[in-house]
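Read through the structure below, which is laid out as C-alpha cells, and then see the notes.
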Amino acid sequence: MKSIRKTALIIGVFSFFVLGSISYAKEKTEPVDYVNPYMGNISHLLFPTYPTVHLPNGMLRVYPERKDFTSDLCHGLPIAVTSHRGASAFNLSPVCGLNEGISSVQDYSYDREKISPYHYQVYLDENNILVDFAPSYQSGIYTFTYEGVANSQIILNTRNGYLFVDNEGIGGCQYLDDKTTIYLFMESDCEAISKGGLQNGIMNSACQRVDGENAAMVFDYGSCKKITLRYGISFISIEQAKKNLRREIHTYDIDKVAETGRKIWNETLGKIEIKGGTDDQKVIFYTSLYRTYERMINISEDGSYYSAFDNQIHMDGGIPFYTDDWIWDTYRAVHPLRILIEPEKERAMVSSFIRMAQQSPNGWMPTFPEITGDSHRMNGNHAVATIWDAYCKGITDIDLEQAYKACKGAITEKTLLPWQKGPLTELDSFYQQYGYFPALHPGEEETCLGVHSFERRQAISVMLGNCYDNWCLAQIAHTFGYNDEYEQFMKIAYSYRNVYNAETGFFHPRDNKGDFIYPFDYRFSGGMGARDYYGENNGWIYRWDVQHNPADLIALMGGREKFIDNLNQTFREPIGEAKFSFYSHLPDHTGNVGQFSMANEPCLHIPYLYNYAGQPWMTQKRIRSLMKQWFRNDLMGVPGDEDGGGMSAFVVFSAMGFYPVTPGSPTYNIGSPLFNHVRIALGNGKTFEIIAENCSDENKYIQSAMLNGKPWNKPWFEHKDIMKGGKLELVMGNKANRLWGAALEAAPPSAEPLASTSH
C-alpha cells in the first residue's frame, strides 16, 4: 500500500459522492447486481476505495472527484481516469444561465447518486440537473436533463492543454507531463446556439480555441432541456479519439450503452459462479472481483499504442498493450487470479512488461508502470515473479529470454533502494559483497546520496524482497540451463539468513560492521512507517516475508512448534501504545489483529503459513475470522489501501477456499471457502469446482477432502491438478480436524535446499 498520492489522470472524472451504500432498484439476480462500488469508500486511516465506473481493464475509467466520501460537493463531472487518486484531466460542468465571473469548473451539491460498474447517475440538486453516464472501453456518453428555465449550457475544461471547436465536434488535449498527452474528441446530439471560450468568467463567442491552464469552452444549447454528449479518448491523437468513439458508440441512447456494459460485466464476473453464503458475502465477493479489473488497462487503439517508455507510437502486433500496474501489490494475487480466469489477458500483460523493458533506455523491467511510464514506487522488482508465475503455470507463449535479460538487469544493475531508479550505489555493492543490506543506527547521519529522504533505506524489507525476486530469477535461469547464474541467484535468495537474529527470532538490521542494531523494538523502531529498516509495516510483519521458503523459516525458528508459537503471537501481541500514537508513525498498518495488519499486502500470505507447520486448521480459523472482521458490505468494509485489486484478489481467492502463497510456484494453499459451491471457468474451456459440504459460518473446518475423485490429505494442490478440469470436494464441520493435512510430508513445497549461503 502506498501512503502517497498517485499520479492520475481522469478525463472528466466525476466528483460525486454518496452518503450510504448503493440501493439496488431490482432484485440481485446476476453477478453485477452484487457489486457495491461504495464498499470501503471511507478509509480506516489512509486511502479509501473509489467507486469506479468502467469496463473490465478498459482505458476509460471514471469516478467522483471529491475530497472524501463525506464531502457534500463534487468538483465537475468526469470523462476518464488513467490511475487512481488523482484529479480529472477534463471536467464537464452543466449550468443553467451563465453568470458573470463563473469558474471553469463548478462545485456541485448533489443527491440521489447511484453507481454501478457500467452506469453512473446523480442529481445536482441546487442546479436542478440530472446527470447520466455510461462507459465503453475508450469512449463514454453523458446525458444531462435540465429542469431550469434558463438556457442550458455546458462548460468543458482542461487543466493544462487546449480545446477547440470545428465543424465535426470538439477536440482537445491535456498534457499529463512533458511526454504524455491525453486527447479528446466530443460531439453532441443537440446543436449549440453559441459556443466560445471562457475568459475572465465571461463567454467569448468569437473565441473558438483556448489554450493553457484551466482552459475552458462554453456551449449554449438554448432551450434544449436534454443534451447528450458522447466522446472518445486517446493517447495517440484527437483523430484517434474520434475513431475510438465511432468504433464503440453508435447511438445517443445512453441506456443501450449501459446495457452493453452490463452484459460485458456479467460475462466477466460470471467466470466465477458461487452458490451458498449470504447476500452480503456475495456482495463482498463480486465487488472484490470487480476491483481486480481496474488495472492493468488496455491502451491499444486500433492496433497501435503510445508508450511513455520511449515516447513513441508502436504497432501492437495483435497483442494488446497494457499498462498501469502497481506490481508491488498485484504480483501477489491479482496476476495469479488472472492466470486462472483470463490467461490471454495475462499473456498480453506479461508481454507488455517485456515491451516496456525493451523500450526503456536501460532495458530494465519496470517496477511500477503507469500511463506516464515507470514511476518506480515502493521497493523490489516483482515483475520477475509475475513473469515466472505465468510461465510456470502454462503461459509459455512469451519471450522468456528477453524477460530474463530485463529482469536480470533490473535486479543486478539497478539500485535496490526504494523509490529510486538509478545505477548501483555503495549500499548495493556492500550487499553484493557481504550478503546483507547495511542499516544505520538511530540518529546516524545518512551517508549514501541515493537514499530517498522520506522512504529511507528500508534495509530489511528491501533485502527480503530481493531474496524472493532472486529466487524467481533463479528459476528462469534454471529453465535455460544457466547453471552458474542459477547458483548465483539462489545464493542471494537465501541471504535473508544473514539478517536473522536467532536470539529473537526476527529479521534484524545490521550495521556496516556486521553488528545487530541495539536497542531495538520490532514494533516501533525505524521511524515513520518503520522505513529505516522495514517498509510501511514493522518487524512483526517482515518476520514472515520469506514467501519462497517457509520451510527454511521453520528451521530457522527451531521447528514447527516454535514457528506456530511465533505465528500465533503475531496475532496476539498488543500494539504497545495508544492507537493515535501507533498509527501516527505506522499509518499503513491498519486492520490490526495484534501486530498482524490485514490492511497491507505483505501480510496477505501470513495466515496461510500454518499449513506449512502442521496446523491447517489454524489457517482455516484465521482466514474465516479475518474475512469476517475486516471485509464487510459497508462504507468501511475494506481495512486499508486496496491498491487497485491487490487486497481484493486476496478476498476473491480466500472466499473460494485457496490462495497462491508463492507466486512462481505452481501451487495453491487450501484455506476455508465461504461458499458451498464455486465454479471457475479457467479460460481454457475447462472448469475447476470447489464443493464445500455443510459449509457455513460455523462449519469452517475441513473434516476431509477429495481432489479429482481421490482422497486428499494435503493443505495444498498443484496448478496442473486443476487445469485439465478439476474438483476439490471438502466436508466441513464446526470443530477442527487437527489430523487433516498435518503430516510433515503433507506440507506445501518450499524452495529447494541449498547447502550453505552464509557470507
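Condition first: free of Cβ contacts under 8 Å to residues at least 12 places away in the same chain, hydrophobic (A, V, I, L, M, F, W, C) and in the same structural domain as L604 (by TED's automatic domain parsing). Can you find one or more residues in segment 709-724 that meet it?
Filtering segment 709-724 down to residues free of Cβ contacts under 8 Å to residues at least 12 places away in the same chain leaves 710-711.
With hydrophobic (A, V, I, L, M, F, W, C) added as a condition, the list becomes none.
No, every residue in segment 709-724 fails to be free of Cβ contacts under 8 Å to residues at least 12 places away in the same chain, hydrophobic (A, V, I, L, M, F, W, C) and in the same structural domain as L604 (by TED's automatic domain parsing).
Quick one: count up the residues across segment 170-202 that are farther than 20 Å from V95 by Cα and either surrounded by 15 or more Cβ atoms within 10 Å (Cβ to Cβ) or aromatic (F, W, Y) (or both). Break it down into steps so the answer makes sense when it comes.
Filtering segment 170-202 for residues farther than 20 Å from V95 by Cα gives 171-185.
Applying the additional criterion that residues be either surrounded by 15 or more Cβ atoms within 10 Å (Cβ to Cβ) or aromatic (F, W, Y) (or both) yields 171-176, 180-185.
Result for segment 170-202: 12.
If you filter segment 113-128 down to residues that are farther than 17 Å from V53 by Cα and touching a residue at least 24 places away in the same chain (Cβ under 8 Å), you find that the one that is surrounded by the most Cβ atoms within 10 Å (Cβ to Cβ) is L124.
Limited to segment 456-481, what total is found for residues that are part of a helix (DSSP H, G or I) and over 14 Å from H508 (Cα atoms)? I'd like the intermediate steps shown before the answer.
Filtering segment 456-481 for residues part of a helix (DSSP H, G or I) gives 459-479.
With over 14 Å from H508 (Cα atoms) added as a condition, the list becomes 465-479.
Here the count works out to 15.
Selection over segment 93-118 of residues that are farther than 15 Å from R159 by Cα and assigned to a loop (DSSP other than H, G, I, E, B) gives a count of 9. Selection of segment 309-326 for residues being closer than 17 Å to Y175 by Cα and either buried (at least 24 other Cβ atoms within 10 Å of the Cβ) or within 20 Å of the chain's Cα centre (by Cα) (or both) yields an empty set. For A502, all conditions in the list (1) surrounded by fewer than 24 Cβ atoms within 10 Å (Cβ to Cβ); (2) under 21 Å from E446 (Cα atoms) hold save one; what is the number of the exception? Failing condition for A502: (2). I'm trying to understand the selection: among the residues of segment 197-216, which are modelled with pLDDT of 90 or more and not small (G, A, S)? Listed by number, the residues that qualify are L198, N204, C207, Q208, R209, V210, D211, E213, N214.
Considering each of F90, F47 in turn, give the residue that is out of contact with any helix residue (DSSP H, G or I) (no Cβ under 9 Å at 6 or more places or on another chain), in a strand (DSSP E or B) and in contact (Cβ under 8 Å) with a residue 40 or more places away in the chain. Answer to the check: F90. All conditions but one from (1) within 28 Å of the chain's Cα centre (by Cα); (2) touching a residue at least 24 places away in the same chain (Cβ under 8 Å) apply to A477; the one that does not is (1). Entry remark, segment 271-308: residues being out of contact with any strand residue (DSSP E or B) (no Cβ under 7 Å at 6 or more places or on another chain), surrounded by 17 or more Cβ atoms within 10 Å (Cβ to Cβ) and outside any loop (DSSP other than H, G, I, E, B) number 8 in total.
Evaluate the following for I102: is it at pLDDT 95 or above and either surrounded by 24 or more Cβ atoms within 10 Å (Cβ to Cβ) or farther than 21 Å from S43 by Cβ (or both)? Judged against the criteria, I102 is not a match. If you filter segment 410-432 down to residues that are in a helix (DSSP H, G or I) and free of Cβ contacts under 8 Å to residues at least 12 places away in the same chain, you find that the one that is surrounded by the fewest Cβ atoms within 10 Å (Cβ to Cβ) is S429. Consider segment 139-154 and keep the residues that are surrounded by 22 or more Cβ atoms within 10 Å (Cβ to Cβ) and more than 33 Å from the chain's Cα centre (by Cα). The one that is nearest to L245 (Cα to Cα) is I154.
The values are calculated or read from the model by the stated rules, or taken from the named source; none is laboratory data. Bear in mind the structure is a predicted one, so any value in this text is a computation, not a measurement. Heads up, the Cβs are rebuilt from the backbone with ideal geometry, glycines too, and the neighbour counts pull from every protein chain shown.
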